[in-house]
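Student: Handing you a structure now.
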């Protein structure tokens, strides 16, 4: 199961990831056991019964589920353990993967965890940002639940969640977040994450966006570039100039589409059949692993 086809990571990088997560996982386990006992450890470490699934296998099982969205019972059969053991392992490892943040090219040890981190990095390094949204189909909420219609996308005509992706000029993934219900507009989803305040705080940061963010480009014309508005049908002389400007702007921001496409090789980011409340954690865990690959190029 540790093969690259199963985990999506070469074994060398997989070994580094396991070593990176081991300390945080051990600390979390010790804290949980101390809370349950109500006192310090009474016996030496590993003095009790052995685990059915060691830490390395827990990481590998979580990566396989993140990549292929396999049922937990199927993976439990491969490992010869109960389904609940796999579920517990995923709930232990997935938050650790999601908390890692996004790796930065040529900056070893630097990871971007919030939108504010992205803007601070772009201002310090002179990075021209590319911003775009994408949609992932999710399970339909149960009937008679409040907010049920909020997930129905007018574009996809499906129940979706809409995350926002930011990349640099080379199409390298820098951040993925602001996951909002699919009915919410692209600009509203990003503004709810505080991008307007960040644009005011970092006036030197520039960004390319598509037509879904024209309101943001209108409010910040010197920082955010969007395609021009389409002229009316009877304005034939303006059509040629509009097409030229639109294509030039599109060629500048098209690299963010590559940053969107690569994480969608992971099955849950194509169509998530798990619980919607775990989608954002799953997205952060998967996209952070993709950013590691970009940072090494």
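What follows draws every value from the coordinates through simple rules; no lab data is involved. Everything numeric here is computed off the predicted structure, so don't read it as measured data. Quick reminder, even Gly has a Cβ in these numbers, built from the backbone with ideal geometry, and neighbours come from all protein chains shown.
Student: Using only alpha carbon pairs under 8 Å that are at least six residues apart, calculate the relative contact order of the chain and give it in whole percent.
Tutor: This gives 21 percent for the chain.
Student: What share of the DSSP beta bridges in the stretch 102-295 is antiparallel, in percent to the nearest 5?
Tutor: Beta bridges within the stretch 102-295, antiparallel portion: roughly 75 percent.
Student: Here's something else I'd like to know. Rounded, prolate or oblate: which fits the stretch 82-138 when a ≥ b ≥ c are the square roots of the eigenvalues of the alpha-carbon gyration tensor, with rounded for a/c under 1.5 and prolate only if a/b beats b/c?
Tutor: Since a/c reaches 1.5 but b/c is at least a/b, the shape of the stretch 82-138 is classed as oblate.
Student: If you average the alpha carbon positions of the stretch 185-235 and of the stretch 164-181, how far apart do those two centres end up, in angstrom?
Tutor: First find each Cα centre; the distance between them is then 15 Å.
Student: Determine the gain in length on full extension of the stretch residue 78-residue 200; use 0.36 nm per residue of separation and subtract their C-alpha separation, reporting nm with one decimal.
Tutor: So the chain would gain 38.6 nm between residue 78 and residue 200.
Student: Can you tell me how much longer the chain between residue 275 and residue 157 gets when fully stretched, taken as 0.36 nm per residue apart minus their C-alpha distance, in nm with one decimal?
Tutor: 40.5 nm
Student: Can you sort 9, 173 so the residue with the fewest Cβ neighbours within 10 Å comes first?
Tutor: 9, 173
Student: Normalised by the number of residues in the stretch 4-98, what is the relative contact order in percent for Cα pairs under 8 Å and 6+ residues apart?
Tutor: Result for the stretch 4-98 is 33 percent.
Student: Same structure, new question: At residue 148 and residue 11, where each label point lies 7 Å from the Cα along Cα→Cβ, what is the point-to-point distance in nanometres?
Tutor: About 5.1 nm separates the two model spin labels.
Student: Moving on. May I ask you to sort 184, 1, 283 by Cβ crowding, counting other Cβ atoms within 10 Å and putting the fewest first?
Tutor: 1, 184, 283
Student: Between the stretch 99-124 and the stretch 11-32, what is the C-alpha centre distance in whole Å?
Tutor: Spelled out, the Cα-based centre of one part sits 21 Å from the other.
Student: Cα atoms only, the stretch 1-143: Rg and Dmax in Å?
Tutor: 18.8, 55
Student: Here's a follow-up. What list do you get for 157, 264, 230 if you sort them by fewest beta carbons within 10 Å?
Tutor: Least to most surrounded, the residues fall as 157, 230, 264.
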